[in-house]
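Chemist: Here it is, the structure, as structure tokens.
The values are calculated or read from the model by the stated rules, or taken from the named source; none is laboratory data. Please read all numbers here as calculations on a predicted model, not as lab measurements. Cβ placement follows ideal geometry from the backbone for every residue including glycine, while neighbour counts extend to all protein chains displayed.
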Amino acid sequence: MDLQQLFDRLLASYGPRHWWPAQTPFEMALGAFLTQNTAWTNVERAIDALRAADALTPAGIAALADGRLEALIRPAGYFNQKADRIRRFVAHLQQRHGGSLERLLAGEPAALRVELLALKGVGPETADSILLYAGGHPSFVVDAYTRRLGERIGFLDGTEGYETVRQYFMQRLPAAAPLFNEYHALIVEHAKVRCRKRAPLCADCPLRRDCRYGKSQS
DNA sequence: GCCCAGGTGGGTA
DNA sequence: TACCCACATGGG
């Protein structure tokens, strides 16, 4: 089973995921910071609070009084760290791109990725998420779910670095943002409904015939 | 009470 | 490079 066949099976099983769940690129980027090692349900509470405070824009974030951002995003966890990271991100947009994420994202993808990775709190997954889901650039997103699936199917062994896994996908798939978008979203959906860390639901998993974990469990 | 959740940065050897 | 740890809330 190659990566295109894996994609086809996931899509047939779960259908289009319509990612990223956000109304604007900036809201999407905030979600990328907030979801770092955090369940999305908690991120939604934080996003809802930011929306109610009219703080889903760079200017809205910048206008918040001291401590207000921390209070609003508290449900998403790591709120002190994340508030600092979001403020730095907003400051970068204001200083370099006229306060507009869209202007930043209009740049050349490879240079953009370097620029994003230089920011505090923007690691490879956050950078690729922003590039792909906010910018529409074909940069494959790797996360814990991608690694878990790769290990269970057998094309990863768990020791590969982020960039190695990213290149594994990008070298085997056409560089198309819609494909990368749907692929990552489907991997997350699969992990949430089937491929759990400790409680795998392998009995009627669409990938069970190709899954090492499923075989060892059944 | 425990484990888990769409990571990242800083420190150490 | 490879580990270790802090960061923090909320659900199962």
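Chemist: Could you tell me which numbered condition residue A:51 fails, if it satisfies all but one of (1) within 22 Å of residue A:88 (Cβ to Cβ); (2) of a type in the set (D, E, K, R); (3) within 16 Å of DNA strand C (Cβ to nearest atom)?
Modeler: It is condition (3) that residue A:51 fails.
Chemist: A further question on this structure: Out of all the residues in the range A:91-111, which are among the hydrophobic types (A, V, I, L, M, F, W, C) and within 19 Å of the chain's Cα centre (by Cα)?
Modeler: A:101, A:104, A:105, A:110
Residues checked against (1) part of a loop (DSSP other than H, G, I, E, B); (2) farther than 22 Å from residue A:136 by Cβ; (3) in contact (Cβ under 8 Å) with a residue 12 or more places away in the chain:
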residue	(1), (2), (3)
A:7	no, no, yes
A:10	no, no, yes
A:32	no, no, yes
A:38	yes, yes, yes
A:42	no, yes, yes
A:46	no, yes, yes
A:54	yes, yes, no
A:59	no, yes, yes
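Chemist: So which of A:106, A:127, A:185, A:177 is surrounded by 12 or more Cβ atoms within 10 Å (Cβ to Cβ) and outside the structural domain of residue A:11 (by TED's automatic domain parsing)?
Modeler: A:127
Chemist: I need the full set of residues from the range A:32-42 which are more than 10 Å from DNA strand C (Cβ to nearest atom) and either modelled with pLDDT under 95 or buried (at least 16 other Cβ atoms within 10 Å of the Cβ) (or both), in order please.
Modeler: Scanning the range A:32-42 gives A:32, A:33, A:34, A:35.
Chemist: Continuing with this model, one more query. Answer yes if at least one residue in the range A:59-72 is within 16 Å of DNA strand B (Cβ to nearest atom) and touching a Leu at 6+ places or on another chain (Cβ under 8 Å), and no otherwise.
Modeler: No: the range A:59-72 contains no residue that is within 16 Å of DNA strand B (Cβ to nearest atom) and touching a Leu at 6+ places or on another chain (Cβ under 8 Å).
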